[in-house]
Every structure is written in C-alpha cells, then in structure tokens.
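Enquirer: Structure below; questions to follow.
The values are calculated or read from the model by the stated rules, or taken from the named source; none is laboratory data. Predicted model only: the values in this text are computed from it and were never measured. Neighbour counts run over all protein chains shown; Cβ positions are idealised from the backbone, glycine included. Only protein heavy atoms, including side chains, enter the accessible area calculation; ligands, DNA and RNA are left aside. Shrake-Rupley method; radii C 1.70, N 1.55, O 1.52, S 1.80 Å.
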Amino acid sequence: NIYEFDMTELTSEEFEITGFNSSERGKQIIYIVYKESTYVQYEIEVIKEAESIEIRELPEKLEYIKGEELDLPGMVIVEVYQDGTEVNIEQDNEELEITGFNSKEIGIQTISVSYQGFEKEFEIEVRNDLVSIEIRELPDKLKYIKGEELDLTGMVVIATYEDKSEEEIELSVDN
C-alpha cells in the first residue's frame, strides 16, 4: 500500500506550541496542538552553560581538634551561569568533591571544593586537643564597686595543648 499525503503549511492561527521555557534547566515536554484538539509531544532538555562555582557561605565550623571529622553545615555552594543566575549545589550531590582535610595533621589546611571541572578553596585549622588552661597573671583590678563592669586588663590566661604547646588566650567580657 502506498499512501500519499498532502503537505500543507500550517499558520500560527491553526496550532499552538507550549511547554518550552529556555530559562528553566532540565527536561521539558513540548506540545504542538493543532486546532485545539489534536496534539503531538516530544521531550527536550535545556542545559545552561556554567561559568563557575562560588562558596557563598563558609561552613559554620572552621576550627577542628585533632581527630575530629569534617563537618560542613552552613556551607552554601552555588553554580553560576553565563546569564548570571545561580543554582545551589547540594552537599550530597555525587558530582561535588571536597578534598584536602586530614584530621590527624595539625595546622592550617586548604579545603578544595570541586564540581564539574570548577574549583574553589577555603581554609580550616586543625589544632591539638586542649589539655588545660591556667591564669598566669591576675587582672590588674580585683575590687569593684557595685554596678561596675568587669575589667580584665593585665590578665594572662594560657592554654596548654596535647603536644605541650602553649598559647595565650585573649579574653573579652560580653555584656
């Protein structure tokens, strides 16, 4: 059997195309509706061209004690597109790679955040475990009149760590 079809050009009044949004990333179903009753559909995918990634918010925790695990709540990473739009990258995204942390190595460490060929970095510090604190010098002022604010001028407090290193702790009074 041979079928012949008459090819005619449709005018925009006879059909409507819906479902396409170039500003929305992902799969979309395009519908072509003819005379408000007959339609066909097909699937497309809109992909934006990423320009970079950015760390919009650093993690809440940037200081660790030796042996602690990396903990990144509060960190916000975004993918930035050529049109200026941004999309959050979830930390459980399989393409997101976070490297550079060693909980057994004391000191400043550079953490790398990689996603789809883009990379950003931030620093954290791993410290020895605090063993003790001691007051080496009392504050200059030890007697107060009722209602006076605490004055810590002259006070020296020393922190001693697991590796026997020491550090002077700066104290402030929060009112």
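Enquirer: Which value in nm describes the separation of the simple spin-label points at GLU43 and LYS27, placed 7 Å from the Cα toward the beta carbon?
Expert: A separation of 0.3 nm, rounded to one decimal place.
Enquirer: Ordering TYR161, TYR34, TYR81 from largest to smallest accessible area (1.4 angstrom probe), what's the sequence?
Expert: I get TYR34, TYR161, TYR81, largest accessible area first.
Enquirer: OK, next. Taking square-rooted eigenvalues a ≥ b ≥ c of the alpha carbon gyration tensor, is segment 81-175 rounded, prolate or oblate, where a/c under 1.5 means rounded and, failing that, a/b exceeding b/c means prolate?
Expert: Here segment 81-175 falls in the oblate category.
Enquirer: Hey, if we sort VAL113, VAL156 by accessible area with the 1.4 Å probe, largest down, what's the order?
Expert: Accessible-area ranking of VAL113, VAL156, largest first: VAL156, VAL113.
Enquirer: Could you work out the longest stretch of the chain that avoids the trypsin sites (Lys or Arg not before Pro) located in DSSP loops with at most 11 other Cβ atoms within 10 Å?
Expert: Maximal segment without exposed cleavage sites: 36-103.
Enquirer: How many nm is it between the label spots at ILE98 and LYS143, if each spot is 7 Å from the Cα in line with the beta carbon?
Expert: Taking the simple label geometry, ILE98 and LYS143 are separated by 5.4 nm.
Enquirer: For Cα extents along the principal axes in Å, the listed values are [x] 45, 38, 29; [y] 106, 43, 23; [z] 56, 43, 30; which was obtained by calculation from the structure presented?
Expert: [y]
Enquirer: Using 1/(1 + (r/R0)^6) with R0 = 45 angstrom and r between the beta carbons of MET155 and THR85, what's the FRET efficiency to the nearest 0.05?
Expert: My answer for the efficiency is 0.30.
Enquirer: Sticking with this one: Quote to one decimal, in nm, the extra length available between ILE135 and SER112 on full extension: 0.36 nm per residue of separation minus the C-alpha distance between them.
Expert: Between ILE135 and SER112, full extension yields 4.4 nm more.
Enquirer: Shape call for segment 25-106 from the C-alpha gyration tensor, a ≥ b ≥ c root eigenvalues: rounded (a/c under 1.5), prolate (a/b greater than b/c) or oblate?
Expert: Verdict is prolate for segment 25-106.
Enquirer: Under 29 Å between C-alpha atoms is the cut-off here; go through the chain and count lysine pairs that meet it, provided they're at least eight residues apart or on different chains.
Expert: Count of close lysine pairs: 12.
Enquirer: Order the following by accessible area, largest value first: ILE158, ILE145. Probe radius 1.4 Å; ligands, DNA and RNA are ignored.
Expert: Solvent-accessible surface, decreasing: ILE145, ILE158.
Enquirer: Follow-up question, since we're still on this one. If you take every DSSP beta bridge fully contained in the chain, what fraction is antiparallel? Give it as a percent rounded to 5.
Expert: Of the beta bridges lying entirely in the chain, close to 95 percent run antiparallel.
Enquirer: Would you kindly find the accessible area of THR153, with a 1.4 Å probe and non-protein molecules such as ligands, DNA and RNA excluded, rounding to the nearest 10 Å²?
Expert: About 80 Å², ignoring ligands and nucleic acids.
Enquirer: Starting from the Cα of GLU51, move 7 Å in the Cα-to-Cβ direction to define the label point; list residues of segment 82-106 whose amide nitrogen is under 15 Å from there.
Expert: The answer is 82-87, whose backbone nitrogens lie closer than 15 Å to the label point.
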